[in-house]
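The values are calculated or read from the model by the stated rules, or taken from the named source; none is laboratory data. The structure presented is a predicted model; accordingly, all values stated were derived computationally and were not measured. Reconstructed Cβ throughout: ideal geometry from the backbone, glycine too, with neighbour counts over all protein chains shown. Just the protein is used for accessible areas: all its heavy atoms, side chains included, with ligands, DNA and RNA removed. Shrake-Rupley method; radii C 1.70, N 1.55, O 1.52, S 1.80 Å.
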Amino acid sequence: IKEWDDLFQNNNYLAQIRQAGINGQLRSSRFRSVCWKLYLDVLPEDKTQWISRTKEHRAQYEKIKETHITNPRKAAGQQDLVVNNPLSQDEGSLWNKFFQDKELRAMIKQDVLRTFPEMLYFQEEDVRTKLTDILFCYARENEQLLYKQGMHELLAPIVFVLHCDHQAFQHASETANPSEEVKVLLDPKFHEHDAYAMFSLLMETAEPWFSSFEREVRKGKEEMLTSIPFARPQDLGPSVAIVTKVNRIQDQLVKKHDIELYMHLNRLEIAPQIYGIRWVRLLFGREFPLQDLLVVWDALFADSITLDLVDYVFVAMLLYIRDACEFNSLICASFRTQNNGTQDS
């Protein structure tokens, strides 16, 4: 109760929790998921709307799941058997959709099985099913993008943070009487629903990094997507947007902050796509242990939903690696000098 009040019960609470996220002060927080929901605009700033908005998101996911996760056998007798049978190739056939869905789910499941293999939590069948269902529903809701490898690594930390907060809430509920607001926001029954809402809003920013299309027009949620003409072959592999982004980071930010490093990378012909696409697309998910990664994400989300801080973490990573390499070179040189001195004596 005290932590909840400290975080959310003051007039300037949003600015304060943003600062807490940027300063790495949410590491042991039991309400990290609530902070993330605020950072990602899943929850509005107005606290009086939290319960209604939460219920709205959950009802929306129920409807999405009901629409996309179907069993054609249940529709037997209600559909024209000429169209709706297991051999039908008709676009309107539930069986045709079922087999296409099965293929998509198998592809998603293959990635889900590899998610954080060192953590027992992600080996649980219930957790794997949740991850698969969320990613499948997202793919079906976003047919232009569908599912792309790596999306599971953006979803998994969100699912884990919600799980940790739910565990803390259930433990606290045994000895205290939490408010109605806390009960609704941290209700473990809606783990999957809340994860879908958070992931969907995160993907509104991250989507161009997975897409092979360029966004031309955006009016609210409606978008026009077209292929890029005259794209270079190296741009067509991952996505135009992410290649443009990592090139800009190296050509502008790295050059500005460390011209020597910039020249060195150019001299060695190390294109930023080689290392940078994974950094940006997974938000540095493979570069840190999970508990440290969550602190990095606290800052990325708290700074801005547009994830502009990614560019500067990218540069900081390069500078850190450069310093570590220089240090190792000095150690090796010192070691060689000592060895030569020993041999001479």
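Determine whether Gln25 is part of a loop (DSSP other than H, G, I, E, B), over 20 Å from Glu180 (Cβ atoms) and at pLDDT below 95.
Judged against the criteria, Gln25 is not a match.
Of everything in region 1-28, what is among the hydrophobic types (A, V, I, L, M, F, W, C) and either in contact (Cβ under 8 Å) with a residue 12 or more places away in the chain or surrounded by 15 or more Cβ atoms within 10 Å (Cβ to Cβ) (or both)? Give them in sequence order.
Ile1, Trp4, Leu7, Phe8, Leu14, Ile17, Ala20, Ile22, Leu26
Among the residues of region 52-85, write down those that are modelled with pLDDT of 75 or more and part of a loop (DSSP other than H, G, I, E, B).
Ile69
Can you go through Phe284, Phe301 and tell me which one is within 22 Å of the chain's Cα centre (by Cα) and part of a loop (DSSP other than H, G, I, E, B)?
Phe284
Which one is nearest to Met119 (Cα to Cα) among residues in region 165-179 that are assigned to a helix (DSSP H, G or I) and small (Gly, Ala, Ser)?
For region 165-179, the residue satisfying everything is Ala168.
At pLDDT below 95 and of a type in the set (D, E, K, R): does that describe Arg267?
Taking the combined requirement at face value, the residue satisfies it.
Any idea which of Leu131, Leu146, Leu162 is over 19 Å from Arg278 (Cβ atoms), open to solvent by less than 70 Å² (accessible area, probe 1.4 Å) and not in a helix (DSSP H, G or I)?
Numbers: Leu131 fails: not in a helix (DSSP H, G or I); Leu162 fails: not in a helix (DSSP H, G or I).
On inspection, the qualifying residue turns out to be Leu146.
Scan (1) open to solvent by less than 50 Å² (accessible area, probe 1.4 Å); (2) under 19 Å from Gln273 (Cα atoms); (3) among the aliphatic types (A, V, I, L, M); (4) modelled with pLDDT under 95 for the single condition Ile228 breaks and write down its number.
Against the list (1) open to solvent by less than 50 Å² (accessible area, probe 1.4 Å); (2) under 19 Å from Gln273 (Cα atoms); (3) among the aliphatic types (A, V, I, L, M); (4) modelled with pLDDT under 95, Ile228 comes up short only on (1).
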